[in-house]
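The values are calculated or read from the model by the stated rules, or taken from the named source; none is laboratory data. Just so it is clear, the model here is predicted, and its values are computed rather than measured. In this analysis, Cβ positions are derived from the backbone assuming ideal geometry, glycine residues included, and neighbour counts consider all displayed protein chains. Ligands, DNA and RNA are excluded from the accessible area calculation, which covers all protein heavy atoms including side chains. Shrake-Rupley method; radii C 1.70, N 1.55, O 1.52, S 1.80 Å.
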Amino acid sequence: MTSQGFRFLHASDFRLELPVDGLLELPDRFGSAVLDAPRLAVQRLFDAALKEKVDFVVLSGDLLSPRDTGPWGLLFLIEQFKRLQTERIPIYWAAGKSDSPDVIPAAFRFPDNVHVFPVGQFEERLFSREGTAVARILGTSWGKAGVKPRGGIDLVEGADDLYTIGVFNGRLPSETLKTDAVRYWALGGSRVRETVSRNPCMAIYAGSTLARNFTETGDFGATLVEVGESARTTTTTVRTSPLRWSVETLVVREDETEEKILNEARSRLKAIQERAAEAAAFSGQSLDDDIWFVSWRVEADTAVLPVLRYGAATPTILRDLRTDFAKAAPIIYTVDLEPILPERMPEEMYERQTILGDYLRMIRYYWENPSEEIDIESAVPAELREWAALVRAKREIEARRRADGEKADLGDLPARVAALEAKGFRSELACLLDITTFDPKLMSSEHGEDEARAAELELRRREALLEAAVLGVDLLSETDSPVALLKGNTTTKTLPKKNRTIAKELRSLQRNLDGKEIDS
């Protein structure tokens, strides 16, 4: 095997054209950091190459789409390549479909240290040190018309004992991984890091340099590969992503107060911050520009679920968590805190001889009879039905006028809504009637709906019924107020204060149910 040891950095899937896609809204102070994250991640990669004094860099494709980034994407890459050229560090690049050599304009010339492998066939490059060949790099690129790489493995069959690295974007045939002719496969085309083989050869997808949403948790970056004089190969992950993502779960019981929930969340976020600081200190990396986004899922008892889902407790907890972890590195920003709907209410609640019990039994009937048209409106007073209809009409007119770019002419609707609202109707009631109004025709295959669409509608119906059940517990419960429970005061019997801002989940659900744009 090779008589000289060497080190190289393997990276792929910069996808410079792709923005961060895991956030619906974000404070202005984070805007530039999130927008610049794709570039910062790549810059950190080349920082690592210089810091680690690697012998060369291997890039396995999907670095950018020149058409989507425009000139800045290629100019930015050329700038980074030149940083390595100054230190005489070669770069071996096997392009994927998005960054094929065929789609790169001739006007953009790469520095001499960059070797782009040809389309459709493997090419051999030798890395030499002081005139002696140290490693062989085999690579091939995709063509703009989807031209697949082919052949090339026979180039190394029966060759000398030089350590051979294969560079490829895509999935390799399984038989290719059963030979040690290529000792290390530097693979690209996957945003997630994955080791697909360790023996007889090592094959690794480096993954993306940037984590862009909540499905991409863990370390995102590059792979530092060290090959010893005996060809022993070891790998280390080099983190480059300035953004981190995690989904955390909180379990809230009936006897827990708002302060106790907040302290538990604080403790969990503090642990995340400390682990990140320890890892950064070990690797010598800075956390100054890092942001860690956290999404909380809350499993709550029936007694406190309504106020967490619709009341003021959740916004208060969010505000405190965002304030508490806004300064120390890494910044931890709590994106949302979503109480999870249960599969059903506790059985004993269905058996109560109360208004709430009657209501839940009605919800259960519609759950068990999916073909039945839901008609909850007939069970509520005429004034409430009128008020809900007016609120719905007002939203729809505003949405239509907004889409047309005109100021909405609502006529006497606001006055009529206000007159009915003065009777004390809670805003959740209008949404309750919205989410439980279904047209049974939508569920029928006779109207051109395929099985997949029918299944989706059935799922939406069930979600709406669950939402309606939880709202019913909040609005009709004759027990202690959930607010009182969270505040640790179980003697207060008053209902929660009127909530004028219904939870965003209900608005989103309503949009999915009727296909209309509803003002949230």
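Observations on the structure shown:
- The loop-placed trypsin sites (Lys or Arg not before Pro) in the range 2-97, going by DSSP, that have at most 15 neighbouring Cβ atoms within 10 Å of their Cβ come out as Lys53, Arg88.
- The range 202-323 - Debye-derived log10 I(q)/I(0), Cα point model, q = 0.17, 0.19, 0.20, 0.23 Å⁻¹: -0.94, -1.07, -1.13, -1.32
- Gyration tensor verdict on the range 64-132 (Cα atoms; rounded if a/c is under 1.5, prolate if a/b is larger than b/c, oblate otherwise): oblate
- Base-10 log of normalised Debye intensity for the range 229-298 (one unit scatterer per alpha-carbon) at q = 0.21, 0.27 Å⁻¹: -0.96, -1.26
- Largest to smallest accessible area among His10, His115 [probe 1.4 Å]: His115, His10
- Kirkwood-Stokes translational diffusion coefficient of the range 3-141, alpha-carbon pairs, 10 °C, 1.306 mPa s, µm²/s: 98 µm²/s
- Cβ-based net charge around Val298, under 9 Å, with every Lys or Arg adding one and every Asp or Glu removing one: 0
- Cα pair distances of the range 162-253 binned at 5 Å [whole percent]: 3, 13, 22, 19, 15, 11, 7, 5, 2, 2, 1, 0, 0
- Cβ-based net charge around Met202, under 15 Å, with every Lys or Arg adding one and every Asp or Glu removing one: +3
- Largest to smallest accessible area among Glu52, Glu278 [probe 1.4 Å]: Glu278, Glu52
- At most 16 other Cβ within 10 Å, DSSP loop - GluC sites (Glu not before Pro), the range 66-133: Glu87, Glu130
- C-alpha center-to-center spacing [the range 328-362, the range 27-62] in angstrom: 42 Å
- 22 Å Cα-Cα threshold exceeded, pairs from Lys51/Lys82; Lys51/Lys97; Lys270/Lys327: Lys51/Lys97
- Taking θ as phi - 60° and the Karplus parameters 6.51, -1.76 and 1.60, the scalar couplings of the range 11-17 work out to 9, 6, 6, 4, 6, 4, 7 Hz in sequence order, x denoting glycine and proline.
- Between Asp288 and Glu343, residue separation times 0.36 nm minus the direct Cα-Cα distance comes to 15.6 nm.
- Each peptide in 219-226, 169-176 was scored by the mean count of other Cβ atoms within 10 Å over its residues; highest first, the order is 219-226, 169-176.
- Across the range 119-133, coupling constants 3J(HN,Hα) worked out from phi with the 6.51/-1.76/1.60 Karplus curve, θ = phi - 60°, read 7, x, 8, 6, 10, 9, 10, 10, 9, 10, 10, 6, x, 10, 5 Hz, and Gly and Pro carry x.
- Burial ranking of peptide ranges 260-270, 185-195 (average Cβ count within 10 Å, highest at the top): 185-195, 260-270
- Shape of the range 286-394, Cα gyration tensor, a/c cut at 1.5: prolate
- The figure for Thr334 is an accessible area of roughly 0 square angstrom, using a 1.4 Å probe on the protein chains alone.
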